[in-house]
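To start, the structure itself, in structure tokens.
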Amino acid sequence: MSAMTWEQVKHLLPEADPANFHQHPRGGGWVAQTATVDDTAYVEGLIGAGAEIGAWAEIGAGAEIGAGATIGAGATIGAWATIGAWAEIGAGA
């Protein structure tokens, strides 16, 4: 799999501004500036505002993690999965 393109992000979030996101160094996924993603996480999907992604978590290609959601350490979210806003999944969530 591969990371989402900005065009795919715009399809999911038409109002998204690239100034409010950056690409994660491990996986190239898009992360809202207000999200907290551990450096060891692997992100190919989209991480919403205020979300928290734990150590060694894996976010598959095209997956969308909603605003304020918490994905715990070591959790794996499959490709194209959608995790709703404020959901809590995995260890430490």
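At a 1.4 Å probe radius, carbon and sulfur cover how many percent of the accessible area of the range 22-83?
Values: 1280 of 2410 Å².
On the range 22-83, the fraction of accessible area on carbon and sulfur atoms equals 53 percent.
Long-range amide H contacts for GLY74: which residues qualify at under 5 Å (H placed 1.01 Å from N, peptide plane, sequence gap of 5 or more or a different chain)?
Counting only residues 5 or more places away or on other chains, the set is ALA55, TRP56, ALA57.
Apply the Karplus parameterisation 6.51 cos²θ - 1.76 cosθ + 1.60, with θ equal to phi minus 60°, to every residue of the range 55-62 and state each ³J(HN,Hα) to the nearest whole Hz, in sequence, with x for glycine and proline.
4, 6, 5, 10, 10, x, 4, x
Enter the accessible area of LEU13 (Å², nearest 10), with the probe set to 1.4 Å and all protein chains included.
Estimated to the nearest 10 Å², LEU13 gives 40 Å².
Measuring with a 1.4 Å probe in the full set of protein chains, what accessible area per residue, in whole Å², belongs to the chain?
Numbers: 4640 Å² over 93 residues.
Here the residues of the chain average 50 Å² of exposed surface.
For log10 I(q)/I(0) by the Debye sum over Cα atoms at q = 0.10, 0.13, 0.24 Å⁻¹, which listed value, (i) -0.19, -0.32, -1.22; (ii) -0.33, -0.50, -1.09; (iii) -0.29, -0.46, -1.14, comes from the coordinates shown?
Structure-derived value, by its label: (i).
Taking loop as defined by DSSP and a crowding limit of 11 other beta carbons within 10 Å, which GluC sites (Glu not before Pro) in the range 1-44 fit? Present the calculation step by step, with values, prior to reporting the outcome.
Values: sites: GLU7, GLU15, GLU44; in loops: GLU15, GLU44.
In loop regions of the range 1-44 (DSSP not H, G, I, E or B), the sparsely surrounded GluC sites (Glu not before Pro) are GLU15.
Enumerate the calculated ³J(HN,Hα) couplings along the range 78-88 in order (Karplus 6.51 cos²θ - 1.76 cosθ + 1.60, θ = phi - 60°), each rounded to whole Hz, writing x wherever the residue is Gly or Pro.
For the range 78-88, the Karplus curve yields x, 4, 6, 6, 10, 10, x, 4, 6, 5, 10 Hz.
So how far apart, in nm, are the two label points at LYS10 and THR36 if each is 7 Å from Cα heading toward Cβ?
Between LYS10 and THR36, the simple spin-label model gives 3.3 nm.
Over the range 5-73, calculate the relative contact order: mean separation of alpha carbon pairs under 8 Å at least 6 apart, over the residue count, as a percent. If you can, show how the numbers build up before the last one.
Working: 151 pairs, mean separation 16.0, N = 69.
Value for the range 5-73: 23 percent.
The values are calculated or read from the model by the stated rules, or taken from the named source; none is laboratory data. Quantities reported herein were computed from a predicted structural model and do not represent experimental measurements. No Cβ is skipped: glycine too gets one built from the backbone with ideal geometry, and neighbour counts run over all protein chains shown. These area figures cover heavy atoms from the full protein model, side chains too; ligands, DNA and RNA do not enter into them. Shrake-Rupley method; radii C 1.70, N 1.55, O 1.52, S 1.80 Å.
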